[in-house]
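Trainee: Pasting a structure below so you can have a look.
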Amino acid sequence: MTDKVLRWERAWFPLALMSVVSFSFLMIYYLDPSVLSGVSCFVMFLCLADYLVPALAPRIFGSNKWTTEQQQRFHEICSNLVKSRRRIVGWWKRLFTLKEEKPKMYFMTMLFSLAVVAWIGQQVHNLFLTYLIVSFLLLFPGLNQHGIITKYVGMAKREINKLLKHKEKKNE
């Protein structure tokens, strides 16, 4: 069911997802817990879920309702998670390759990137920034499933190519 919600199989799933996230963050903002209280409540919620899910899941979903279609979807989800992990590891390795091959470029890129992140962190409230990151991460599978990410990344690539071609024409 979580996969269906994250991939937006129904039109109202993104609204429900953002409503739950917004309500959770509004409660955190309203209650304004200390870091220790927040971590304690989060771990307490995980312990409660760890205790209740094994007891309630068979009653809610039924153990005999697992179909081959669900098994196939489960394998798809697992393979997508593995592919995502490989992409992250690949980017990490490219970063270290850049560090070894072009240390000055690596230094300037990291310095600039971290300065931008520090500036954003200084300008935007931590809780709001966390809300934006969590919202994006939860909406990402649906955005990807519906081709929205591909569409806008393609548009950005075309614009960058236009700028580069325009720059080359100026230099000639």
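The values are calculated or read from the model by the stated rules, or taken from the named source; none is laboratory data. Quick caveat, the model's predicted, so the values are computed rather than measured. Note: ideal-geometry Cβ built from the backbone for every residue, glycine included; neighbour counts use all protein chains shown. SASA here: full protein model, heavy atoms, side chains in, ligands and nucleic acids out. Shrake-Rupley method; radii C 1.70, N 1.55, O 1.52, S 1.80 Å.
Trainee: Mind listing which chymotrypsin sites (Phe, Trp or Tyr not before Pro) in segment 1-108 are in a DSSP loop and have 15 or fewer other Cβ atoms within 10 Å?
Mentor: Taking segment 1-108 and a limit of 15 other Cβ atoms within 10 Å, the loop chymotrypsin sites (Phe, Trp or Tyr not before Pro) found are Trp12, Trp66.
Trainee: Under 20 °C and 1.002 mPa s, how fast does segment 1-63 diffuse according to Stokes-Einstein, given a Kirkwood radius computed over C-alpha pairs? Answer in µm²/s, whole number.
Mentor: Stokes-Einstein gives a translational diffusion coefficient of 152 µm²/s.
Trainee: Enumerate by residue number the trypsin sites (Lys or Arg not before Pro) in segment 1-84 meeting two conditions: DSSP loop (anything except H, G, I, E, B), and at most 13 other Cβ atoms within 10 Å of the site's Cβ.
Mentor: Arg10
Trainee: Do the alpha carbons of any pairs in Lys102/Lys157; Lys4/Lys93; Lys83/Lys151; Lys4/Lys83; Lys102/Lys151 sit beyond 28 Å of each other, and which pairs?
Mentor: Pairs exceeding 28 Å: Lys4/Lys93; Lys102/Lys151.
Trainee: Right, next: Taking all protein chains in place and a 1.4 Å probe, what share, in percent, of the accessible surface of segment 40-82 do carbon and sulfur account for?
Mentor: Answer for segment 40-82: carbon and sulfur cover 70 percent of the accessible area.
Trainee: Then there's this: Give me the Å³ per residue figure for the convex hull around the C-alpha atoms of the chain.
Mentor: Residue-normalised Cα hull volume stands at 211 Å³.
Trainee: Across segment 139-152, in residue order, what do the Karplus-derived ³J(HN,Hα) couplings come to in whole Hz, using 6.51 cos²θ - 1.76 cosθ + 1.60 with θ = phi - 60° and x for Gly and Pro?
Mentor: Ordered by residue, 3J(HN,Hα) equals 8, 4, x, x, 4, 5, 4, 8, x, 5, 5, 4, 4, 6 Hz.
Trainee: Return one whole number: the accessible area per residue of segment 41-172 in Å², for a 1.4 Å probe.
Mentor: 92
Trainee: Something else now. Going out from 0 in 10 Å bins, what whole percent of all Cα-Cα distances in segment 50-148 drops into each bin?
Mentor: Per 10 Å bin, starting at 0, the Cα pair percentages come out as 11, 20, 31, 21, 11, 4.
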